[in-house]
Amino acid sequence: MKKIICLLMTAALILSLAACSGSKNGNSVSSIAVDDSSKTAAETTVTTNDGTKAVSKAELPKTEGVDVDLTKMSSTMVYSEVLNMQQHPDEYTDKIVRMKGPFNVTELGDNRYYACVIKDAAACCSTGIEFVWAGDHSYPEDYPEVNTEITVTGIFNVYSEGNSKYLQLKDAEVVF
(Lines give C-alpha, C1' and ligand atoms only; values in the text may rest on other atoms or scores of the structure.)
Protein backbone atom coordinates (compact mmCIF):
# COMPACT_ATOMS: atom_id res chain seq x y z
CA MET A 1 0.00 0.00 0.00
CA LYS A 2 2.83 2.40 0.84
CA LYS A 3 4.42 1.70 -2.56
CA ILE A 4 1.22 2.66 -4.38
CA ILE A 5 0.86 5.90 -2.41
CA CYS A 6 4.53 6.72 -3.02
CA LEU A 7 4.13 6.06 -6.77
CA LEU A 8 0.99 8.20 -6.94
CA MET A 9 2.69 11.07 -5.13
CA THR A 10 5.72 10.83 -7.43
CA ALA A 11 3.46 10.86 -10.52
CA ALA A 12 1.57 13.90 -9.18
CA LEU A 13 4.85 15.74 -8.55
CA ILE A 14 6.14 14.99 -12.04
CA LEU A 15 2.88 16.15 -13.64
CA SER A 16 2.84 19.37 -11.63
CA LEU A 17 6.44 20.15 -12.60
CA ALA A 18 5.76 19.40 -16.27
CA ALA A 19 2.73 21.72 -16.35
CA CYS A 20 4.85 24.87 -16.56
CA SER A 21 7.79 23.57 -18.55
CA GLY A 22 7.06 25.71 -21.63
CA SER A 23 10.07 27.99 -21.08
CA LYS A 24 13.44 27.59 -19.46
CA ASN A 25 13.01 30.35 -16.89
CA GLY A 26 9.21 30.36 -16.64
CA ASN A 27 9.00 33.93 -17.95
CA SER A 28 8.19 33.70 -21.65
CA VAL A 29 7.07 37.15 -22.74
CA SER A 30 7.08 37.10 -26.52
CA SER A 31 3.86 37.79 -28.43
CA ILE A 32 1.16 35.20 -28.00
CA ALA A 33 0.50 33.03 -31.04
CA VAL A 34 -3.19 32.40 -31.70
CA ASP A 35 -4.67 28.97 -32.33
CA ASP A 36 -6.90 29.64 -35.34
CA SER A 37 -8.62 26.24 -35.20
CA SER A 38 -11.10 27.31 -32.54
CA LYS A 39 -13.77 29.83 -33.58
CA THR A 40 -16.54 29.01 -31.08
CA ALA A 41 -18.07 31.27 -28.46
CA ALA A 42 -16.00 32.00 -25.36
CA GLU A 43 -16.44 29.37 -22.68
CA THR A 44 -14.87 29.03 -19.27
CA THR A 45 -14.04 25.61 -17.82
CA VAL A 46 -13.58 25.49 -14.06
CA THR A 47 -12.28 22.46 -12.18
CA THR A 48 -13.55 22.32 -8.61
CA ASN A 49 -11.67 20.87 -5.63
CA ASP A 50 -13.51 17.56 -5.96
CA GLY A 51 -12.32 17.18 -9.57
CA THR A 52 -15.60 17.93 -11.34
CA LYS A 53 -15.63 20.33 -14.25
CA ALA A 54 -18.16 23.03 -15.01
CA VAL A 55 -18.38 24.85 -18.35
CA SER A 56 -20.14 28.17 -18.66
CA LYS A 57 -20.42 30.89 -21.27
CA ALA A 58 -18.89 33.91 -19.60
CA GLU A 59 -19.95 37.46 -20.25
CA LEU A 60 -17.02 39.83 -20.49
CA PRO A 61 -16.82 42.13 -17.45
CA LYS A 62 -17.65 45.77 -18.15
CA THR A 63 -16.37 48.68 -16.04
CA GLU A 64 -15.93 52.37 -16.81
CA GLY A 65 -15.90 52.09 -20.62
CA VAL A 66 -13.53 49.12 -20.45
CA ASP A 67 -14.93 45.87 -21.86
CA VAL A 68 -12.46 43.53 -20.13
CA ASP A 69 -10.82 44.87 -16.96
CA LEU A 70 -8.20 42.36 -15.87
CA THR A 71 -7.07 44.68 -13.06
CA LYS A 72 -10.24 43.89 -11.09
CA MET A 73 -9.83 40.09 -11.25
CA SER A 74 -7.97 37.60 -9.08
CA SER A 75 -4.69 36.23 -10.47
CA THR A 76 -6.38 32.92 -11.32
CA MET A 77 -9.16 34.68 -13.23
CA VAL A 78 -6.68 36.94 -15.06
CA TYR A 79 -4.63 33.99 -16.26
CA SER A 80 -7.82 32.15 -17.29
CA GLU A 81 -9.16 35.18 -19.17
CA VAL A 82 -5.86 35.64 -21.04
CA LEU A 83 -5.94 31.95 -21.99
CA ASN A 84 -9.48 32.48 -23.25
CA MET A 85 -8.22 35.46 -25.32
CA GLN A 86 -5.64 33.17 -26.91
CA GLN A 87 -8.16 30.46 -27.72
CA HIS A 88 -11.05 32.69 -28.82
CA PRO A 89 -9.55 35.97 -30.09
CA ASP A 90 -12.56 36.80 -32.25
CA GLU A 91 -14.66 37.18 -29.09
CA TYR A 92 -12.36 40.00 -27.92
CA THR A 93 -11.42 41.79 -31.17
CA ASP A 94 -12.03 45.56 -30.92
CA LYS A 95 -12.90 45.32 -27.21
CA ILE A 96 -11.18 47.68 -24.80
CA VAL A 97 -8.95 45.68 -22.44
CA ARG A 98 -7.16 46.91 -19.30
CA MET A 99 -4.39 44.90 -17.71
CA LYS A 100 -1.71 45.33 -15.08
CA GLY A 101 1.67 43.65 -14.70
CA PRO A 102 5.42 44.00 -15.14
CA PHE A 103 6.69 45.71 -18.30
CA ASN A 104 8.92 43.75 -20.64
CA VAL A 105 10.52 44.31 -24.02
CA THR A 106 11.66 41.69 -26.51
CA GLU A 107 13.78 42.27 -29.60
CA LEU A 108 13.56 39.79 -32.47
CA GLY A 109 15.62 40.73 -35.50
CA ASP A 110 14.80 44.33 -36.39
CA ASN A 111 11.52 44.31 -34.46
CA ARG A 112 10.95 45.38 -30.88
CA TYR A 113 7.87 44.22 -28.97
CA TYR A 114 6.58 45.75 -25.73
CA ALA A 115 4.48 43.60 -23.41
CA CYS A 116 2.64 43.55 -20.12
CA VAL A 117 3.38 40.26 -18.36
CA ILE A 118 0.61 38.10 -16.90
CA LYS A 119 1.57 35.44 -14.33
CA ASP A 120 -0.51 32.51 -13.19
CA ALA A 121 -1.63 32.15 -9.58
CA ALA A 122 1.38 29.98 -8.67
CA ALA A 123 3.73 32.48 -10.38
CA CYS A 124 5.46 29.61 -12.19
CA CYS A 125 4.24 30.40 -15.69
CA SER A 126 3.83 33.72 -17.39
CA THR A 127 2.85 35.10 -20.74
CA GLY A 128 2.76 38.58 -22.17
CA ILE A 129 0.31 40.55 -24.21
CA GLU A 130 2.00 42.92 -26.59
CA PHE A 131 0.90 46.55 -26.64
CA VAL A 132 1.42 49.43 -29.06
CA TRP A 133 1.53 52.71 -27.15
CA ALA A 134 -0.56 55.46 -28.78
CA GLY A 135 1.39 58.56 -29.76
CA ASP A 136 5.04 59.14 -30.47
CA HIS A 137 7.26 57.41 -27.90
CA SER A 138 10.94 56.51 -28.06
CA TYR A 139 12.53 53.50 -26.41
CA PRO A 140 14.16 53.52 -23.87
CA GLU A 141 13.69 57.22 -23.00
CA ASP A 142 9.88 57.24 -22.70
CA TYR A 143 9.35 53.69 -21.48
CA PRO A 144 9.59 52.32 -17.93
CA GLU A 145 12.41 50.05 -16.86
CA VAL A 146 11.88 46.33 -17.45
CA ASN A 147 9.83 44.72 -14.63
CA THR A 148 8.24 48.06 -13.63
CA GLU A 149 4.54 47.57 -12.79
CA ILE A 150 2.40 49.13 -15.56
CA THR A 151 -1.28 49.42 -16.38
CA VAL A 152 -2.14 49.21 -20.07
CA THR A 153 -5.53 50.00 -21.63
CA GLY A 154 -5.97 49.41 -25.35
CA ILE A 155 -8.02 47.94 -28.16
CA PHE A 156 -7.67 44.18 -28.50
CA ASN A 157 -6.33 43.25 -31.91
CA VAL A 158 -5.07 40.18 -33.76
CA TYR A 159 -2.44 40.64 -36.47
CA SER A 160 -0.41 38.40 -38.75
CA GLU A 161 3.33 38.28 -39.10
CA GLY A 162 4.57 35.63 -41.50
CA ASN A 163 2.37 32.56 -41.10
CA SER A 164 1.51 33.30 -37.46
CA LYS A 165 -1.14 35.41 -35.77
CA TYR A 166 -0.42 37.42 -32.63
CA LEU A 167 -2.42 39.29 -29.98
CA GLN A 168 -1.85 42.91 -29.06
CA LEU A 169 -3.48 45.93 -27.46
CA LYS A 170 -3.29 48.74 -30.01
CA ASP A 171 -3.68 52.48 -29.44
CA ALA A 172 -2.80 51.77 -25.83
CA GLU A 173 -2.53 54.10 -22.87
CA VAL A 174 0.31 53.17 -20.52
CA VAL A 175 0.53 54.26 -16.88
CA PHE A 176 3.57 53.54 -14.68
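Data table
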quantity	calculated
Net length gained if the chain between residue 136 and residue 106 were fully extended (0.36 nm per residue, minus Cα distance)	8.9 nm
Solvent-accessible surface ranking, highest first, for 116, 124 at 1.4 angstrom	124, 116
Accessible carbon and sulfur surface of the stretch 93-176 relative to its total accessible area, %, 1.4 Å	43 percent
Ranking by accessible area, most exposed first, for 114, 139 with a 1.4 Å probe	139, 114
Global geometry of the stretch 73-146, whether rounded, prolate or oblate, following the gyration tensor of its Cα atoms and the 1.5 cut on a/c	prolate
Accessible-area order (highest first, 1.4 angstrom probe) of the listed residues 173, 149	173, 149
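The values are calculated or read from the model by the stated rules, or taken from the named source; none is laboratory data. Quick caveat: nothing in here was measured; it's all calculated off a predicted structure. Quick note on the areas: whole protein, heavy atoms, side chains included, nothing else; ligands and nucleic acids left out. Shrake-Rupley method; radii C 1.70, N 1.55, O 1.52, S 1.80 Å.
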